[in-house]
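The values are calculated or read from the model by the stated rules, or taken from the named source; none is laboratory data. Please read these numbers as outputs of a predicted model, since none were measured by experiment. All Cβ positions, even for glycine, are placed from backbone atoms using ideal geometry, and neighbour counts span all protein chains on display. Side chains are part of the model used for accessible areas, which takes the heavy atoms of the whole protein and leaves out ligands, DNA and RNA. Shrake-Rupley method; radii C 1.70, N 1.55, O 1.52, S 1.80 Å.
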Amino acid sequence: MASYLAKEVQLARRHEEILSQRLVLLQQMENHLGDKKTEKTWQTQAADAASKRNAALLNDIEVAEKQLRARVHLQPHPDIVKLETLYWASVEESIPKWEQFLLGRAETPVGFKKKKYTK
């Protein structure tokens, strides 16, 4: 009978250990669930803030696009037009010198020096 009593006491202690471990695990689970809820709330707030920020940026881009489109319709300054005309005339004048080189059929044109790269 003493052995049954000892066994009963041992089982009662083991039962208490299991219950205390269960309580600890339940508490950890509740903490983890609370952390998850907090994290989800934070992520939702961050996503909302990012959405608002993106909408504001998109609006700014649309405003800038409208302003740029309005500028396109304006005539450029006469000095800029003159410089562009001179530039394209210079390009057209030098095309025959560079054409064979650009097609890979000749060396660089006369008067053009290659840069030497040193390490």
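Inspect the range 41-53 for any residue being open to solvent by less than 100 Å² (accessible area, probe 1.4 Å) and in contact with an Asp or Glu (Cβ under 9 Å, 6 or more places away or on another chain) and give the result as yes or no. Let's see the steps before the verdict.
Just the residues of the range 41-53 that are open to solvent by less than 100 Å² (accessible area, probe 1.4 Å), to begin with: 41, 43-44, 46-51.
Those still in the list that are in contact with an Asp or Glu (Cβ under 9 Å, 6 or more places away or on another chain) too: none.
Within the range 41-53, none of the residues are open to solvent by less than 100 Å² (accessible area, probe 1.4 Å) and in contact with an Asp or Glu (Cβ under 9 Å, 6 or more places away or on another chain).
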TODO: List the number of the failed condition for Lys36; all other conditions in (1) among the charged types (D, E, K, R); (2) modelled with pLDDT of 95 or more; (3) open to solvent by 100 Å² or more (accessible area, probe 1.4 Å) hold.
DONE: (2)
TODO: Select from the range 54-92 the residues that are aliphatic (A, V, I, L, M), at pLDDT 90 or above and open to solvent by 90 Å² or more (accessible area, probe 1.4 Å) and list them in ascending order.
DONE: Leu57, Leu58, Ile61, Leu83, Leu86
